[in-house]
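Colleague: First the structure, then my questions, so here it is.
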Amino acid sequence: MQFVNQKKWFYKKFYKKSRRIKLGFKNIYIFPNLFGIYWILTSIFIYILGVNLENNFTIFICYLMITVLVISLFLTHFNIHGLELTSINQKVNFANSKINYQIILNTQKIRNNIKLKFLNKENKFIFIDKIENKLIKSLPIYVKSRGIYNPEIIYGESSSPLSLFNCWFYWRPV
């Protein structure tokens, strides 16, 4: 129960509150997913096996796997690095109805496989297969009470292209 009370502090520490955000080195986080951890452990195992057997081909395979891992790290990070998200003025909606919060995604290059959602259990991810230049997307928010609603934190993630790493960000639109 203690962590539930501190969860707001955690999200407050790691998101940026603004009308527009350009993703860069300060607001993107990256960590290997389960498949990436298995890849790293397999590389270590193959390296130890190659050193103990004094087999150069096994060590070469290990170096090849580490090279693929490093390339995947950079490609995953630069898939969302430089992406610009902008919130626009929203439409008036009725209480206890589904709200579609619109954001504009601007980019200078093609980006693939990005997922966005509001941090809430009822909200689901929207999948964006491909972004070129400018794209307007609507994020659904469910069942809100009456009055002026300030949007929650948007969570975005990408694991493209090799799915060895997950890259994510937090943003609170104004």
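The values are calculated or read from the model by the stated rules, or taken from the named source; none is laboratory data. Note that the structure is a prediction, hence the values are computed from the model and not measured. Reconstructed Cβ throughout: ideal geometry from the backbone, glycine too, with neighbour counts over all protein chains shown. Heavy atoms of the whole protein, side chains included, go into the accessibility calculation; ligands, DNA and RNA do not. Shrake-Rupley method; radii C 1.70, N 1.55, O 1.52, S 1.80 Å.
Colleague: Take residue 66 and tell me if it is touching a Pro at 6+ places or on another chain (Cβ under 8 Å), modelled with pLDDT of 95 or more and either open to solvent by 70 Å² or more (accessible area, probe 1.4 Å) or over 30 Å from residue 132 (Cβ atoms) (or both).
Modeller: no
Colleague: Would you call residue 83 closer than 21 Å to residue 115 by Cβ, at pLDDT 90 or above, surrounded by fewer than 11 Cβ atoms within 10 Å (Cβ to Cβ) and not charged (D, E, K, R)?
Modeller: So residue 83 does not fit the description; no.
Colleague: If I filter the range 81-92 for residues that are closer than 23 Å to residue 162 by Cα and in a helix (DSSP H, G or I), do I get at least one hit?
Modeller: No, the range 81-92 contains no residue that is closer than 23 Å to residue 162 by Cα and in a helix (DSSP H, G or I).
Colleague: If you take the residues of the range 121-137 that are open to solvent by 100 Å² or more (accessible area, probe 1.4 Å) and basic (Lys, Arg), which of them is modelled with the lowest pLDDT?
Modeller: In this case the residue turns out to be 121.
Colleague: So residue 25 passes all but one of these: (1) part of a helix (DSSP H, G or I); (2) under 30 Å from residue 172 (Cβ atoms); (3) open to solvent by 70 Å² or more (accessible area, probe 1.4 Å). Which condition number does it fail?
Modeller: Exception for residue 25: condition (1).
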